[in-house]
1. Counting other Cβ atoms within 10 Å, which chymotrypsin sites (Phe, Trp or Tyr not before Pro) in the range A:34-63 have at most 15 and lie in a DSSP loop?
2. Fewest to most neighbouring Cβ within 10 Å: what's the order for B:Val552, B:Val432, B:Val420?
3. Around B:Gly642, what is the net charge, scoring Lys/Arg as +1 and Asp/Glu as -1 over all other residues with Cβ under 14 Å from its Cβ?
4. Rounded, prolate or oblate: pick one for the range A:22-62, where a ≥ b ≥ c are the square roots of the eigenvalues of its C-alpha gyration tensor, a/c under 1.5 means rounded, and failing that, prolate if a/b is larger than b/c, else oblate.
5. Checking a compactness column here: for the range B:278-412, what do you get for Rg(Cα) / (2.2 N^0.38 Å), N being the number of residues?
6. On full extension of the chain, what length is gained from B:Leu446 through B:Glu161, given 0.36 nm per residue of separation minus the C-alpha to C-alpha distance?
7. Between B:Lys511 and B:Leu473, what is the FRET efficiency for a Förster distance of 41 Å, r being their Cβ-Cβ separation, to the nearest 0.05?
8. May I ask for the equivalent-ellipsoid semi-axes of the range B:188-271, computed as the square root of five times each C-alpha gyration tensor eigenvalue and listed largest first in whole Å?
Amino acid sequence: MAKNVAEMLPGETAVIAGFTDDHIGLKLLEMGFLPGTAIRFNFSAPFGDPICVSVSDVDLSLRLDEASTISIIN
Amino acid sequence: MEQPNIKIALTGKPNSGKSSLFNHLTGLNQKIGNFPGVTVDKRIGFCQLDNNIQAEIIDLPGIYSLYPRTLDEKIVTEIFSDKNNSLYPDKVVLIADATNLKNCLLLLTQLIDLKIPTVIALNMMDLAAKSGLSIDVKKLSASLDMPVVMINARKGHGIYELKQLLLSPIKASSKSVFQIDAEIKPVVKIIRDYFNLSSDYEAYHFLQQTDNLVFLKEEQRNFIKTIAREHEFFPHKYQGAETVMRYGFIQQLLNGAIVKPSHRDWKRVSHGIDRVLTHRVGGYLIFFVVLFLIFQSIFAWAQIPMDFIDTSFARLSNVLSHELPEGPFFELLSQGIVPGIGGIVIFIPQIAILFAFISILEESGYMARVVFLMDKIMRKFGLNGKSVVPLMSGWACAIPAIMATRTIDNWKDRLITIFVTPFMSCSARLPVYTILVALIIPDSKLFGFFNYQGLVLMGLYLLGFLAAIFSALAMKFIIKTTERSFLIMELPTYRMPKWSNVGYTIIEKTKAFVFEAGKVILAISIILWVLASYGPIEEMNSAKKIVRAEAVALNLSEGEIQNRIASYKLEHSYAGKLGKAIEPMIRPLGFDWKIGIALVTSFAAREVFVGTIATIYSIGSAEDQPTIKQRLRNEINAETGGPRYTPAVGMSLLIFYTFAMQCMSTLAIVKRETKGWKWPLLQLFYMTSLAYLSAFFVYQIMS
């Protein structure tokens, strides 16, 4: 099972490999989550959800549900 | 105003400085309305480009791409794909955030494929410079075959150049970014020929988003769907590939145009602030301090202008009733219309202050963090992070609060937020709270520090809030939906708020309140005035005779006689009859017919309670709070022989006012936002039942 963004730790970086949910994938693509792009896990909100990540120098928030649909390679 | 010569649309992603540019171009020459048929704010302004040419500027909601998800986004897609739309622009200005060019250009490449004449306004050049980023603007412009202007929308730099550019003829870019798949070319061609469209991409959009384009007629929609089925075209199948292809183009473009990328740590300060503001403990602490400050200012600062407005309108009404000749029309004017308008104007200070704060929080970038912090908790209750702003606004007034729910993209979350927002104790409840709390709660201190009255008042606000979130929780399980909710949003870099934008927001929201809610409040207050001033003719006519006869026996002064006449008339008016009619129903709550009259008159707006009570008990003016308090305290319950307003009755009334839906304008706004009577009626029924039952239990337990 490939790793996904929800499993990353603060400060960790990885490369986006693909999406496991087509519907959310479309929205994520539009926001710049492109396969092959680097993603950095910045920090999570106090209860661990949502999280803040950086993709091409942009800070974005994601819920864990959404983050878990982004598979990564690192 | 002369007819504008050209139509210009401003578009771009959220947080790219669109409203700053709009405010710079149009100044106060703005009109805020609604797009026809939907409840999305339409911001239109006028801009004199030179001595002869005036442009109509349309500020479109911020979007990332032409595949919409929210109501706001759908509007943009519709305008750009319908040449017959009255808002279809002659020219488009795409505002791009220079520090984050990549995300801004997705929409641009779509506009290129739609063959819409576009210019790029490259904004935030100051930040780009700070981050060490350097862009070859000439190359960017040449590669896109499109003019590019550098601007600083906050300071107004580059606006002149932009205007000059907009005066010159602009042609659509000759580039074509998205190559439509060979296997769907035939079906695209059929649609393009059928609708006589100017680009393949437009035809492709008709295929992709048949249901989102509301301007299509039913038979046109069926035609597209049939053709799509025949050619085995499935919407969304190609959307991902399209986005990837567009980003491929953008990456190549930026590889050539970006001379030097920004250095990594230019957001260091912003990230540092984030560490504090989203801290596990500190983050919430700071948020609650901010909330407390907002809350305090609304009540402390708004009090002076509100008192001023209150006395001014009371005086005006008084002067008018003395100066104008007698007659029903003049009475309507001086006692119905003028106080009615006063009842609207009095809310302006609180609404203005609240939206000043909300706008500052939004401008600075903190609001996105509030959404981020609160999302998890709010989701447990069927709401989402974006429900925080509407709920907070509910403390001032439910009307702008419900309008603020439009940013919530998920329909179920939005509906629940709309449904529960009126539970938040709005400013109209405050006068009722104040007088009743002062009446039944002793003015002493707990541990010599906490004022009991203050604690009870806070408790009432808390009670309203709890009612809101637990009702939301119940609705979470009742309403079924398959629509999924997202929280994929940008956390913008922190910035100082731009104060003029704050000013424009205040003006915009206040206007919306006055004209949206104001109409209803005025209409209802006139109806209620009529109900409370007229009754069966012989009873009303005999008022003076009967009271004067009593007065002789009691040896009353002229002022007291007038107050008694007013009281007698109210008792025998239609409103008075209604109050008496509902007495059996409200008796279990501890209320008598006098309170019944106040309930009837405050159906339209809660704050009317105080004025009605003042009239019923023959107190000259509602201003005189100590007198009202004294009079209520002395009121005797004929059945028990004890005081009428026992703590049980007072608490029961307080609870009733905390929960009950007594605001016609809120119902009107909810009807508009949910497009039907179903939700406002459910809301009315639910809130009133909850109020009734809670007041019933409180009274029965306490007495």
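1. On the way: sites: A:Phe41, A:Phe43, A:Phe47; in loops: A:Phe47.
Listed in order of number, the matching sites are A:Phe47.
2. B:Val552, B:Val432, B:Val420
3. Summing Lys/Arg as +1 and Asp/Glu as -1 gives -1.
4. Because a/c hits 1.5 or more and a/b fails to exceed b/c, the range A:22-62 counts as oblate.
5. 1.42
6. On the way: separation 285, 0.36 × 285 = 102.60 nm, distance 6.56 nm.
Between B:Leu446 and B:Glu161, full extension yields an extra 96.0 nm.
7. Rounded to the nearest 0.05, the efficiency is 0.70.
8. They are 39, 15, 12 Å, listed largest first.
Readers should treat all values here as calculations from the given coordinates under stated rules, not as data from a laboratory. Computed from a predicted model, the values in this text were never measured in an experiment. Every residue, glycine as well, gets a Cβ built from its backbone with ideal geometry; the counts of neighbours run over all protein chains shown.
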